[in-house]
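Okay, structure first, notes after.
Just so it is clear, none of the values below were taken in a lab; they were calculated from the coordinates. Note that the structure is predicted; figures quoted are calculated from it, not measured.
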Amino acid sequence: SAVISQKPSRDICQRGTSLTIQCQVDSQVTMMFWYRQQPGQSLTLIATANQGSEATYESGFVIDKFPISRPNLTFSTLTVSNMSPEDSSIYLCSVAQSPNEKLFFGSGTQLSVL
Amino acid sequence: SQQGEEDPQALSIQEGENATMNCSYKTSINNLQWYRQNSGRGLVHLILIRSNEREKHSGRLRVTLDTSKKSSSLLITASRAADTASYFCATDGGRANNLFFGTGTRLTVIP
């Protein structure tokens with residue numbers, strides 16, 4: 001298992017600003033992912049955070065809007081840039097040791113953009 | 001979209017009753033997983049069933065998988081108030097490195 005610390009747990013931000021979310025894992029993990037959950041909706045994968053290289057983004061998500069860093073096997077950040085009210089969501093960090101095996105999730109960041 | 005659909009969207013039962021949730025998906029899969037989410041927080045993994053398995057148990061949880069119908073069900077027996085949460089199925093869609101989550105079932109267990 002893996003214990004994931006995600007912060008901040010929530011934030012209220014102004015339109016046009018950026019927020020960086022941090023994800024710290026208590027052990028080295030092979031795979032790290034960032035998900036978005038819009039209000040009342042299911043989870044959508046934003047990107048896979050790759051250690052030492054650029055993240056792999058899913059369709060509909062771009063690096064300029066959601067830059068991701070992963071400097072090592074235990075830490076990653078997701079930045080939500082130039083925010084608008086449509087970015088109001090829960091953002092979730094998750095990890096796995098093998099492809100398509102069970103995911104461990106952080107507690108999420110609830111973001112509200114005014 | 002490869003996203004699964006869950007049925008019902010919401011379910012309310014009395015404590016002690018059984019709760020059944022269904023998940024339908026569209027593509028071939030390697031495995032199907034069920035997760036629980038409490039109050040918009042992080043998800044907790046409940047159970048994984050592989051495409052060559054038909055049924056799996058874990059405590060009060062029973063999961064079935066019918067790949068011919070592209071459907072799965074999650075049964076929670078003898079429900080408790082603490083089981084109140086949203087439940088999501090997730091499939092890999094035959095792809096590596098991506099799980100597609102269903103629309104979720106909101107379960108309320110009334111004490």
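Would you mind telling me which residue in A:P67, A:P85, A:P99 has the biggest mean-square fluctuation in a Gaussian network model of chain A, where springs connect alpha carbons within a distance under 10 angstrom? The residue with the greatest mean-square fluctuation here is A:P99.
For chain A, the calculated P(r) over all alpha carbon pairs, in 5 Å bins from 0 to the bin holding the longest distance, is 2, 13, 24, 27, 20, 10, 4, 1 percent. At q = 0.16 Å⁻¹, what log₁₀ I(q)/I(0) does the protein assembly as shown have when each alpha carbon counts as one equal point scatterer in the Debye sum? For the protein assembly as shown, the Cα-only Debye profile gives -1.10. Normalised by 2.2 N^0.38 Å, with N the number of residues, the alpha-carbon radius of gyration of the range B:5-110 equals 1.01. Taking a straight line from the alpha carbon of B:K56, these lysines sit under 27 Å away, with near neighbours fewer than eight places off in the same chain left out: A:K102, B:K26, B:K69, B:K70.
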